[in-house]
Amino acid sequence: MIEKYYPDLYCESIRHIDLKMIKNKGIQGFILDIDNTLVAMHSKDADENAISWIAELKKNGFKVCILSNAAKKRVIRFNEKIQVTAIHRAYKPAAKAFLRAAHEMGLEPEKVAVVGDQIFTDIHGGNKVNMFTILVKPIDKKEILYVRLKREPEKFILRSFNRKLQNEIDRRKEWKKSSLRKEKSKLKK
């Protein structure tokens with residue numbers, strides 16, 4: 001079942017996530033990946049873009065948790081300027097890590113959005129525990145080998161996801177046209 005890898009939302013970057021729409025879905029917290037989601041993989045510290053976006057999340061009343069497969073030292077250093085709940089060596093996509101992050105924020109999984117750049121870790125893990133998943137495009141093409149190897153199967157999944165979306169859009173357009181014809185015919189009577 002390929003759908004288990006589909007995100008609920010696909011965005012260009014964190015800055016393209018519509019926070020009002022997310023809030024309207026009942027989301028109260030965000031689980032965030034670090035590498036290639038908030039900053040480029042080789043960046044050791046949170047940059048101004050990540051710091052200001054996370055501040056915006058907090059200002060909008062969202063709780064925030066960093067969930068990373070990176071080592072403790074990496075996650076602690078990244079978190080110095082943003083000061084949010086942070087979990088290192090998460091072993092994503094393990095459900096346990098995502099549930100722990102939700103628990104740390106005091107939220108039920110259904111009230112949490114997961115933001116990440118990898119389908120097989122961030123999106124799959126969030127989907128397994130019924131979180132709202134948001135896939136963002138990787139910030140940098142420079143990635144470690146095992147991540148680069150996963151990008152090809154991810155492309156296949158994204159093509160399938162995009163076809164499914166297009167089919168749903170086409171079906172909705174047909175329904176709307178049909179509905180319009182019915183409504184017009186009612187007016188003629």
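Dividing the convex hull volume of the alpha carbon atoms of region 2-140 by its residue count, what do you get in Å³ per residue? Don't jump to the answer; show the numbers that get you there.
Numbers: hull volume 12.8 nm³, N = 139.
It comes to 92 Å³ per residue, whole-number rounded.
Taking the highest mean first, how do the peptides 18-29, 169-180, 56-67, 80-91 order by number of other beta carbon atoms within 10 angstrom per residue?
56-67, 80-91, 18-29, 169-180
Pop the C-beta distance of Lys73 and Asn49 into the FRET formula with R0 = 25 Å and round what comes out to the nearest 0.05.
0.65
Read phi for every residue in region 86-92 and hand back ³J(HN,Hα) as whole Hz from Karplus 6.51 cos²θ - 1.76 cosθ + 1.60, θ = phi - 60°, with x for Gly and Pro.
9, 10, 9, 6, 6, 6, 4
Multiply the residue gap between Phe156 and Lys188 by 0.36 nm, knock off their C-alpha separation, and tell me the result in nm, one decimal place. Spell out each step's value before the answer.
Values: separation 32, 0.36 × 32 = 11.52 nm, distance 4.84 nm.
Working it through step by step, the gained length comes to 6.7 nm.
Mind listing the long-range amide H neighbours of Val64? Cut-off is under 5 Å, sequence gap 5 or more, other chains count too, H placed in the peptide plane at 1.01 Å from N.
Placed amide hydrogens put Phe30, Thr85 under 5 Å from Val64.
Given the pairs Lys25/Lys184; Lys4/Lys137; Lys81/Lys137; Lys25/Lys63, which span a C-alpha to C-alpha distance of over 27 angstrom in this model?
On the way: Lys25/Lys184 33 Å; Lys4/Lys137 19 Å; Lys81/Lys137 24 Å; Lys25/Lys63 15 Å.
Over 27 Å apart, Cα to Cα: Lys25/Lys184.
Rule-based calculations on the coordinates, nothing more; no lab input. Given the structure is predicted, the values throughout are model-derived calculations rather than measurements. No Cβ is skipped: glycine too gets one built from the backbone with ideal geometry, and neighbour counts run over all protein chains shown.
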